[in-house]
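> To start, I am sharing the structure in question, which I have written as structure tokens.
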Amino acid sequence: NGVQDYYLTDEVRQLISTLPREKDFDGTYLYQYQEGFWYRPTYIVGILSAQRHFQARDDDIILITYPKSGTTWLKALTYAIVHRSHYAFEHSPLLTANPHELVPFIDHPAYYSENHCPRNLEHLPNSTHSIFGTHIPYPSIPRSIMNSNCRIVYMCRNPLDQFISYWHFMVKIAQDRETEPLSLEEALERVSHGIQGFGPSWEHVLGYWRASLENPNKILFLKYEDVMEDTLFYVKKMAEFLGCPFSSVEENQGVIEEISKLCSFENMKDLEVNKTGRLVPPGAPKNSFFFREGKVGDWTNYLTSPMLECLKNLMEEKFSGSGLTF
Ligand code: A3P
């Protein structure tokens, strides 16, 4: 099963034999682990490794998302903001490397297998900031992330678009690995029970939403749709939050516009590296899988009325009273 099994340790092999399991959208199994969240076995290895080995530093930046909520975009934007003085835009590493190569996931077991820490992937010695990504839910996040002064940026997405995006991604993964994907109807049934990688999605989003309300200086909570509607405003806001605001000279030079353009879906999707590249571990997704439509509201092209009703009822039930609206 390609990357699914590649990094499995004896410990996790043994562990998953005792856990409840359900099929993910690509037909492979998810296992219910800490706090009731659902994971591919390889990510259980990654989460355990992150909890044991990852030590956040005060000047780290941790980007957290629920899968298919704009992770790739958030990584690109943050990288471009933080490293803006290190590269001219026409020489940005974002033009020749996928954002997932530049901003490693702390929960990917590949980064622990040889040297026990994704920090060893740092290749920008002139930068004080290290940027990392993760999908780990709030209750399982390595404690040093919450206990240090590092900053967290969380991006969520309208659950209707997230569902459609996740389904398309998993269909591509299944085709690539020659497994049998679930139909959209079957996938919806899973989602209504919270069964999706790193799900239940509402638990994931609400965990960070509540934490951001309690600690707004620690966690900047963004919505994909808001950033899409006014990218310039949010690039500026992110830079301020991350402690590297734009100077008036930079603003006048159009640096915010350059960052927004560099990281735009249209620009990134057409880059050679994102059309033809593939992430490193065997069986990992092709870079092109991370760029599909990049639109708000694509769900209208896929959801039937009963499906929409089911998802809307779920959203009402899970998010009402939280103050978070989509
Ligand atoms: P769609 O499938 O709706 O097109 P993630 O990065 O969390 O895996 O999420 C992938 C989703 O973000 C996909 O959504 C993808 O097209 C979209 N995406 C990727 N890069 C983007 C960018 N630079 N700007 C906006 N959306 C982007």
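> Of I145, P306, W73, which is farthest towards the positive pole of the chain's charge dipole, taken about the Cα centre with +1 and -1 on the beta-carbons of Lys, Arg and Asp, Glu respectively?
So the residue we want is I145.
> Run through region 196-243 and list the chymotrypsin sites (Phe, Trp or Tyr not before Pro) located in a DSSP loop whose Cβ has at most 12 other Cβ atoms within 10 Å.
When the chymotrypsin sites (Phe, Trp or Tyr not before Pro) of region 196-243 are filtered for loop state and at most 12 Cβ neighbours within 10 Å, nothing remains.
> With +1 on each Lys and Arg Cβ and -1 on each Asp and Glu Cβ, how big is the dipole of region 180-297 about its Cα centre, in debye rounded to the nearest 20?
320 debye
> Would you please give the FRET efficiency between Q175 and S248, computed as 1/(1 + (r/R0)^6) with r the Cβ-Cβ distance and R0 = 45 Å, to the nearest 0.05?
So, using R0 = 45 Å, E works out to roughly 0.35.
> Using a simple spin-label model with points 7 Å from Cα along the Cα→Cβ vector, what separation in nm is obtained for F326 and L95?
3.7 nm
> Let me ask you something else. Given +1 on the Cβ of Lys and Arg, -1 on the Cβ of Asp and Glu, and no further charges, what dipole in debye does the chain carry about its Cα centre, rounded to the nearest 20?
Taking the Cα centre of the chain as origin, the dipole is about 440 debye.
> Per q in 0.20 Å⁻¹, report the Debye log10 I(q)/I(0) for region 202-307, using one uniform scatterer on each alpha carbon and no solvent.
-1.19
> What length, rounded to one decimal in nm, is gained on full extension from D298 through to N217, with 0.36 nm per residue of separation minus their alpha-carbon distance?
Between D298 and N217, full extension yields 25.9 nm more.
> Still on this structure: How long is the gain from E225 to M146 if the chain were fully straight, where each residue apart is worth 0.36 nm and the alpha carbon distance is subtracted?
Here the segment from E225 to M146 would lengthen by 25.8 nm.
> Scan the chain and hand back the longest stretch that contains none of the GluC sites (Glu not before Pro) lying in DSSP loops with at most 10 other Cβ atoms within 10 Å.
Maximal segment without exposed cleavage sites: 179-326.
> Let me ask something else. Return the carbon/sulfur percentage of the accessible area of the chain, one whole number, probe 1.4 Å, all protein chains in place.
The value for the chain is 48 percent carbon and sulfur by accessible area.
> Right, something else. Taking only protein heavy atoms and a 1.4 Å probe, what accessible area per residue, in Å², does the chain have with all protein chains in place?
44 Å²
> Nearest 500 deg cm²/dmol is fine: what mean residue ellipticity at 222 nm does the chain get from its DSSP H runs of n ≥ 4 alone, each adding -39,500 (n - 2.57), divided by its residue count?
Estimated from H runs of four or more residues: -12500 deg cm²/dmol.
> With all protein chains present, calculate the accessible area of R52 using a 1.4 Å probe and round the result to the nearest 10 Å².
140 Å²
> With the cut-off at 32 Å, tell me which of the pairs K261/K286; K237/K269; K236/K295; K261/K318; K23/K218; K237/K275 have Cα atoms farther apart than that.
Violating the 32 Å Cα-Cα cut-off are K261/K318; K23/K218.
> Compute the Rg/Rh shape ratio of the chain: radius of gyration over Kirkwood radius, all on alpha-carbon atoms.
With Rg and the Kirkwood Rh in hand, the quotient comes to 0.94.
The values are calculated or read from the model by the stated rules, or taken from the named source; none is laboratory data. Nothing here was measured: the structure is a model prediction, and the numbers come from that model. A quick note on method: Cβ atoms are made from the backbone with ideal geometry, for glycine too, and the neighbour counts reach across all protein chains shown. Heavy atoms of the whole protein, side chains included, go into the accessibility calculation; ligands, DNA and RNA do not. Shrake-Rupley method; radii C 1.70, N 1.55, O 1.52, S 1.80 Å.
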